[in-house]
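K.L.:
Provided herewith is a single structure, encoded as structure tokens, for subsequent inquiry.
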Amino acid sequence: MKKLSYDALCTNTNDFSMTYEYMAKDGILYHQMRVVYVKKKDRTRAVVIGTRNIDDLNKKEHSHLALKGRRVLLAEDNDLNAKYGWV
């Protein structure tokens, strides 16, 4: 949270994003926060902070990794079956 302090926002010039977890009654929710510095017409800077819920994105990624892991295990089983002649 130090990155979001007033002093840190005033001295930093690079855009950044962070992911955080929120413990809700239904379980853990994942959010992403993005901080972007923009220049205004009068040559001053403004900070735009946006958030988005990435809980669905995380679930898709975890299911994809689990499916990929199952494919690797099946391929290893097939290799062992071919090597030793198991059925």
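K.L.:
Among the residues of the range 1-31 satisfying the criterion of being closer than 17 Å to Thr51 by Cα and assigned to a loop (DSSP other than H, G, I, E, B), which is least open to solvent (accessible area, probe 1.4 Å)?
P.N.:
Ranking the qualifying residues of the range 1-31, first place goes to Ser5.
K.L.:
Give just the number: which of (1) at pLDDT below 80; (2) within 28 Å of Lys2 (Cβ to Cβ); (3) not aliphatic (A, V, I, L, M) does His64 not satisfy?
P.N.:
The failed condition is (2).
K.L.:
Test Arg34 against the stated conditions and say whether it is under 15 Å from Leu9 (Cβ atoms), modelled with pLDDT of 70 or more and open to solvent by 100 Å² or more (accessible area, probe 1.4 Å).
P.N.:
yes
K.L.:
Which pairs have Cβ atoms under 7 Å, sit 6 or more apart or on different chains, and link a residue in the range 2-20 that is free of Cβ contacts under 8 Å to residues at least 60 places away in the same chain to one that is open to solvent by less than 90 Å² (accessible area, probe 1.4 Å) and part of a helix (DSSP H, G or I)?
P.N.:
Listed by first residue and then by second, the contacts come to Lys2/Ala8.
K.L.:
While we're here: Restricting attention to the range 36-55, does a residue exist that is assigned to a helix (DSSP H, G or I) and among the acidic types (Asp, Glu)?
P.N.:
Yes, the conditions are met somewhere in the range 36-55.
The values are calculated or read from the model by the stated rules, or taken from the named source; none is laboratory data. A quick note: this is a predicted structure, and the numbers were derived from the prediction, not measured. Note that each Cβ is placed from the backbone with ideal geometry, even for glycine, and that neighbours are counted across all protein chains shown. To get the accessible areas, we keep the full protein, side chains included, count just its heavy atoms, and leave off ligands, DNA and RNA. Shrake-Rupley method; radii C 1.70, N 1.55, O 1.52, S 1.80 Å.
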